[in-house]
Structures are given as structure tokens and as C-alpha cells.
1. Filtering segment 175-188 down to residues that are in a loop (DSSP other than H, G, I, E, B) and farther than 16 Å from L114 by Cβ, which residue is nearest to the chain's Cα centre (by Cα)?
2. Criterion first (surrounded by 11 or more Cβ atoms within 10 Å (Cβ to Cβ), touching a residue at least 12 places away in the same chain (Cβ under 8 Å), over 18 Å from A222 (Cβ atoms) and among the hydroxyl-bearing types (S, T, Y)) does Y271 satisfy it?
3. Quick check on my filter: what residues within segment 66-106 are β-branched (V, I, T), out of contact with any Gly (no Cβ under 9 Å at 6 or more places or on another chain) and farther than 16 Å from A14 by Cα?
4. For segment 59-74, indicate whether the set of residues that are more than 11 Å from the ligand (Cβ to nearest atom), in contact with a helix residue (DSSP H, G or I) (Cβ under 7 Å, 6 or more places away or on another chain) and of a type in the set (A, V, I, L, M, F, W, C) is non-empty.
5. Taking the options Y241, Y281, Y254, Y259, name whichever one is away from the ligand (no atom under 16 Å from the Cβ), in a loop (DSSP other than H, G, I, E, B), of a type in the set (S, T, Y) and more than 30 Å from I3 (Cα to Cα).
6. For segment 2-79, which helices (runs of 4 or more DSSP H) that fit wholly inside it have 1 or more residues that are touching a strand residue (DSSP E or B) at 6+ places or on another chain (Cβ under 7 Å) and among the charged types (D, E, K, R)?
7. Using the structure shown, decide if C43 is touching a residue at least 24 places away in the same chain (Cβ under 8 Å), under 19 Å from the mean Cα position of the chain (by Cα), near the ligand (Cβ under 10 Å from one of its atoms) and over 25 Å from V244 (Cβ atoms).
8. Can you list residue pairs whose Cβ atoms sit under 8 Å apart, with the first residue in segment 203-232 being charged (D, E, K, R) and the second being within 12 Å of the ligand (Cβ to nearest atom) and not in a loop (DSSP other than H, G, I, E, B)? Count only pairs 6 or more apart in sequence or on different chains.
Amino acid sequence: MKIGNIEVGNLFLAPMAGVSDIGFRKVCRMCGADLTYIEMVNCNAIRFKNEHTLDLLRTEDDEKPKVVQIFGHDADQMAKVCASKELEQFDIIDINFGCPAPKIIKNGDGSALLCHLDKIEEIVTKCVNATNKPITVKIRKGFKKNDNVAVQVAKLCEKCGAKAITIHGRTREQFYVDYETIKKVKESVSIPVIGNGDVVDEVTYKKMLETGVDGVMIGRGALGQPWIFSLLKHKEMPDKYSIVETHINTLKKYYDEKYLCTVLRKHLLWYIRDVYDSTSYRQVLANTISLDESLKIIKKAFEKQN
Ligand SMILES: Cc1cc2nc3c(=O)[nH]c(=O)nc-3n(C[C@H](O)[C@H](O)[C@H](O)COP(=O)(O)O)c2cc1C
């Protein structure tokens, strides 16, 4: 598929706050992900050059195309950020109209904007006009339980110049993904549509593809198993241990060990979630404060599994 003039494959890693770090994105690409989003970044924080936010924008040279996701509600500020030096390295800029987290919606950002289509129109139009880079959007079915504004929002974003739409096919309170809505979104626009929600294996991947979407985005299905991309693409999977090692070594280039032991722990626990006797490995890992030691435990756990 093409996003603007950029040719990309059809399997994407979702933006996930606190999860899609530079190392995780790298191993997902190693396993076959075609596009790996940086987690959502706050436009205000970029404007004020917040150190932590600027750190989230770090990418590696082989991360191509580079895609960042921004959130906010002030169209003028968001447009300025799209044209800013801080986003210069990115090839694609995605706007978050889907996040349901209370701390985001209380400021009128993320999915709260699905109740204010005039704001969405203003934001997309101004961001599109501010840069030559493709602007894409990530939406969900609606804000409240029974809302369904997806088709309306998709058409509006296309009219305003968005170059692709990711649709997470459920509202915040809905348990199941609504494939019918995803299908309708695909049928209602001519820009690429990426389907998202509950893709965890071949069966759910095929179900998503049956909606006619151009691409599929995977979030939780990749946690602890970036190799899901290899499995879905039927391509040879890199060795699991070397994946974990690459994840850790990539992060080690930028962060100190103490910090990493904390931020990496959740990933490491996910990696061994499905190994035999995972509980005992998890207990040891949870108390380990050295990365080398963690790697040894993971190696042992994987060896036992083979
Ligand atoms: C830990 C976590 C963090 C997330 N952070 C973001 C984010 O930064 N931006 C965004 O658009 N969606 C975010 N999401 C939503 C995912 O991108 C995705 O839309 C959602 O998880 C549904 O896809 P899945 O069923 O494949 O997980 C997050 C989800 C999770 C689980």
C-alpha cells in the first residue's frame, strides 16, 4: 500500500505507550513488521521540549519509514509541531483520535475528539497544510459505548487530506471488535485503511483481512511475541533468544542498566509468559537487577521450552 508517496507493506506494530520502545520496535521489524509506530507523544510536551518526550522521539537509522503519533486538541499548536524541527526525521505523522485513557480525554485529546468533529476537521486540515509529509489518523469506533462515528470521521479525515486511516473497531467499553464497522470504513474512503483490534494469530488476522482492509495493525498480540509478524508472514522466525538479546542491546546503547532493569521488566516477563514452568522463571526475573542475569534466565527458560 502507499501512504502518500511512501510504499509500505501491510503489517504494522501499533503505537503503545510504555511498550513500543526503540528496542521493541527494532525486534518487531526484525520479525517482519513493516511499520513500527512511536508511542503517542504530547504536542504540548514537544513544544516545551520536555526531556522525556524528546527521548521518546529517538529512532535508529534502519527504522524506515519512520512514523510518529501525536496527540493534542489545539489545531494551531499541533500544526506547528508537525512542521517542527523535532519531527523533522519522521516520514509519516499520525494523529491520535482514539486514546480512551482518562488522563488524555480529560484534556479533550484522543478519543474525546470523536465527540467534536469540527475540531477533528480543523486539526487534520491544519496539520495537512503545515507539512508535505503524509498525515494519517488513528480512530476508534466511537467515544461512548453505543457510539459509531467511524465512517463519518473517516470520510471527514479523507476530505481534509489524511493519507490513511487506522480504525480500532470498538468503543472504549466494548469487548469485541466490530468487523462490520471496519468493513464499512474501508468501503467509505479511497485512502488506505488499516484494521486494528484483537489480532493475535492467523485466524484473527484472516478475519481482519476479510473486512477488505489494506493493512493490519497489531498491538497486544505482539507483547512478548514480536515473532507474531514472522508467523503471519510465513517467513522464517529469528531465534527467540537473539530477539530478546537484540531488544536489550538496542536499549543498552541509550539507557543505563538501572533504568533499563525497571522499564524492561514487563517485556522480559511477557517473553517467558508461555514457557514451561513460567511462574518460577517469572519470580526469579522479577527480582533480578542485572540485565546479564536476566538474559541468562531467559536463555534457560527458552532452552527448556525447546
Ligand atoms: C499498553 C498500551 C498502550 C497503548 N498506547 C497507545 C498509543 O500510544 N497510541 C494509540 O493510538 N493507541 C495506543 N494503544 C492502543 C493500541 O494501539 C491498539 O489500538 C489497541 O491495543 C487495540 O489493538 P490490539 O487489540 O491489537 O491490542 C495502546 C494499547 C496498549 C495495550
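1. By that ranking, first place goes to V177.
2. Spelling it out, it is not the case that Y271 is surrounded by 11 or more Cβ atoms within 10 Å (Cβ to Cβ), touching a residue at least 12 places away in the same chain (Cβ under 8 Å), over 18 Å from A222 (Cβ atoms) and among the hydroxyl-bearing types (S, T, Y).
3. The answer is I105, and nothing else.
4. No: zero hits.
5. Working: Y241 fails: in a loop (DSSP other than H, G, I, E, B); Y281 fails: in a loop (DSSP other than H, G, I, E, B); Y259 fails: in a loop (DSSP other than H, G, I, E, B).
Only one candidate qualifies: Y254.
6. Answer list for segment 2-79: 22-30.
7. Working: touching a residue at least 24 places away in the same chain (Cβ under 8 Å): yes; under 19 Å from the mean Cα position of the chain (by Cα): yes; near the ligand (Cβ under 10 Å from one of its atoms): no; over 25 Å from V244 (Cβ atoms): yes.
No: the conditions fail for C43.
8. D214/I194
The values are calculated or read from the model by the stated rules, or taken from the named source; none is laboratory data. From a predicted model like this one, the values you see are computed outputs, not experimental measurements. Positions of Cβ are backbone-derived with ideal geometry, glycine not excepted, and every protein chain shown enters the neighbour counts.
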